[in-house]
């Protein structure tokens, strides 16, 4: 069975940049190890990047979260050093959840990344809607939320929607 790892928004701005947290910094090593496991097995790896333009503060999201982040082609927009793999697909998504997952043919999925309570949960639920019969897993040890409390709430939501949660929570 073909396995796919989707690495959600492991970008500098979410780790130690404008929206970084100590929890995000703490999972980088776990995510690196997970990527290496998939790469060693020859499995598919897809990276998403939260992607905004210079007009971010004028957007609907920017008005609700007035912190410039993940502006295309800036250091903050880049995947954290040591995680990115050039031969993988990269998806630049303008909002929390990517709405074109239905263009893929997944068999088994695992999600890791940032932020559990925004982009990870959004993509996990979209994927579950498109692929209700495949196994979708989120490794909690490879995710961090805006706060520890909202991280846990997002994990509980995904679990209720029949997404398998693994790792230490």
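What follows draws every value from the coordinates through simple rules; no lab data is involved. Keep in mind that this is a model prediction, so the values were computed, not measured. Positions of Cβ are generated from backbone atoms using ideal geometry, with glycine treated the same way; all protein chains shown enter the neighbour counts.
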* Structure fact -> The alpha-carbon center of region 142-169 and that of region 1-71 are separated, in whole Å, by 16 Å
* Which angle from 0 to 90°, rounded to the nearest 10, does the C-alpha axis of helix 22-41 make with the longest principal axis of the chain? -> 40 degrees
* Rounded, prolate or oblate (a/c below 1.5 giving rounded, otherwise prolate when a/b exceeds b/c) for region 3-166 by Cα gyration tensor -> rounded
* Considering only the chain, percent of DSSP beta bridges that pair antiparallel, nearest 5 -> 5 percent
* Sorted peptide list for 83-94, 41-52, 7-18, 104-115, criterion being average Cβ within 10 angstrom, highest first -> 7-18, 104-115, 41-52, 83-94
* Asked: Going by alpha carbons, how many degrees (0 to 90, nearest 10) lie between the helix axis of 148-160 and the longest principal axis of the chain?
  -> 40 degrees
* Structure fact -> For region 71-169, averaging the sequence separation of alpha carbon pairs under 8 Å that lie six or more residues apart and dividing by its residue count, the contact order in percent is 26 percent
* Structure fact -> Ranked by GNM mean-square fluctuation in the chain (Cα springs under 10 Å), the top entry among 124, 156, 141 is 156
* Calculated FRET efficiency, residue 26 and residue 58, Cβ-Cβ r, R0 41 Å, to nearest 0.05? -> 0.75
* To do: Relative to the longest principal axis of the C-alpha atoms of the chain, give the angle of the C-alpha long axis of helix 121-130, reported between 0 and 90° and rounded to the nearest 10°.
  => 50 degrees
* Top mean-square fluctuation among 155, 57, 125, Gaussian network model of the chain, C-alpha springs under 10 Å? -> 57
* For residue 165 paired with residue 133, estimate the spin-label separation in nm (one decimal), with each label point 7 Å from Cα along the Cα-to-Cβ line. => 2.8 nm
